[in-house]
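Every number here is computed from the coordinates shown, using simple stated rules; none is lab data. These numbers come from a predicted model, not from an experiment. As a convention, Cβ positions derive from the backbone with ideal geometry for all residues, glycine included, and neighbour counts pool all protein chains shown.
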Amino acid sequence: MRALITASFDDAAKARLACHMDVVHEDWKQRRSIYFDGAEFARRIREVGADVLIVEADLVHAEVLEGVPLKMIGCCRGDPINIDLELATRKGIPVFHAPGRNADAVADLTLAFLLMLARHLVVLSVGQPPTGVDASSTTVPVTVALPNPSIASELALANSIGKIDLLRDGSNTTAAIPAATAAGSGAAP
């Protein structure tokens, strides 16, 4: 058996899989390309000689399922919306996926948005980490409008325990927070 993995994949997990089959890893993020063209994807799977496919965003529809003799398909998503499950089922190809894959991150973001709405916080801007600096190890400025003085005191408490650094400018407060957190906020730089 040989697996073609086009998803981002942990090295340790890839090594465990390699104990059971040959593994060809072509991460779509590193390739900077997603297979939207089924004929092109089927051609690549045949070139690799894969009968196991593990994807994240690539489309696995009729051209792939009819054109390649797959034994199983894995999808690194909570919901395998990019795979024709009906056709895979008819062809007897098992499809496994990762329900709840991003559940913690979604829950964190949901709570953050709920708190922002409840406290009437408005993110005005998110700065950028310096060029060439690992975003996970630096901080960026996030400017928020504070309609309520008690919010400033809550931010000050977070500052006092080292979670953020604060700079005040009139009614706005700029908080330097971890860049990875700021990147996920969706605010415009």
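Data table
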quantity: Gap separating the Cα centres of region 7-53 and region 96-110, nearest whole Å; calculated: 23 Å
quantity: Difference of contour (0.36 nm per residue) and Cα-Cα distance, LEU115 to ASP27; calculated: 28.1 nm
quantity: Amide H partners (placed H, <5 Å) of HIS25, local residues excluded; calculated: ILE5
quantity: Extension gain (nm, one decimal) between ASN102 and ARG2, 0.36 nm per residue minus Cα-Cα; calculated: 33.2 nm
quantity: Residues MET72, MET1 arranged by fewest to most Cβ contacts within 10 Å; calculated: MET1, MET72
quantity: Potential lengthening between GLU86 and PHE36 on full extension [0.36 nm per residue; Cα-Cα distance subtracted]; calculated: 16.1 nm
quantity: Two-site FRET efficiency, ALA15 against LYS71, from Cβ-Cβ distance with R₀ of 22 Å, rounded to 0.05; calculated: 0.60
quantity: About the Cα centre, charge dipole magnitude for region 22-62 (Lys/Arg +1, Asp/Glu -1 at Cβ), debye; calculated: 140 debye
